[in-house]
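Structure first, then comments.
What follows is calculated from the coordinates using simple rules that are stated; it is not laboratory data. Bear in mind that the values here come from a model prediction, so they are computed numbers and not experimental data. Heads up, the Cβs are rebuilt from the backbone with ideal geometry, glycines too, and the neighbour counts pull from every protein chain shown.
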């Protein structure tokens, strides 16, 4: 009461919608990792591996490892739907394990039992009852080995060659 009317205030409001979220699935297998990204139907999905430039996702990513070391990385992804702003960024760590070089010895029968022997770094992981020998036939401790070719005699009597690189 007893006051003059105020000035009229006007504002424009633009309602912006965000694109939906994405889900990153990591399937770690021996020597390869498969990464799948799912998002809103019809949305473009963009991803970046380990900080590299963004790329348009067009199907599962298969990452392989031919080294003798585990590779660790990170993937980031987001969705972009038509007429909307980018959705929230999803981040996921991944690991690519290496495939150890373990083979049967020529002329000596090897089967699935040979798969129980694996090389991790400079150690050979052997099943209980197995014995490890260097190439000269000397029995050795399977942990902390120098580079070289080793023979693992399984409890069944079968032999497996293991290479420490």
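Summary table below
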{"quantity": "Max mean-square fluctuation residue, GNM over the chain, Cα-Cα springs under 10 Å, options 77, 53, 69", "calculated": "53"}
{"quantity": "Full-extension gain in nm, residue 97 to residue 156, via 0.36 nm per residue minus C-alpha separation", "calculated": "18.4 nm"}
{"quantity": "Label-point gap, in nm, between residue 41 and residue 82 - each point 7 angstrom along Cα→Cβ", "calculated": "1.4"}
{"quantity": "Förster radius 41 Å - calculated FRET efficiency between residue 56 and residue 149, Cβ distance, rounded to 0.05", "calculated": "0.35"}
{"quantity": "Listed residues 81, 30, 16, most fluctuating in the chain (Gaussian network, C-alpha, under 10 Å)", "calculated": "16"}
{"quantity": "Added length on full extension, which subtracts the Cα-Cα distance from 0.36 nm per residue, residue 17 to residue 123", "calculated": "32.7 nm"}
{"quantity": "For peptides 4-15, 41-52, sequence by mean Cβ density within 10 Å, most packed first", "calculated": "41-52, 4-15"}
{"quantity": "Relative contact order [Cα under 8 Å, 6+ residues apart], the chain, whole percent", "calculated": "19"}
{"quantity": "Candidates 140, 70, 91: whichever shows maximal mean-square fluctuation once the chain is modelled as a Gaussian network with Cα springs under 10 Å", "calculated": "140"}
{"quantity": "Overall Cα dimensions of the chain, principal axis frame, Å, largest first", "calculated": "107, 34, 26"}
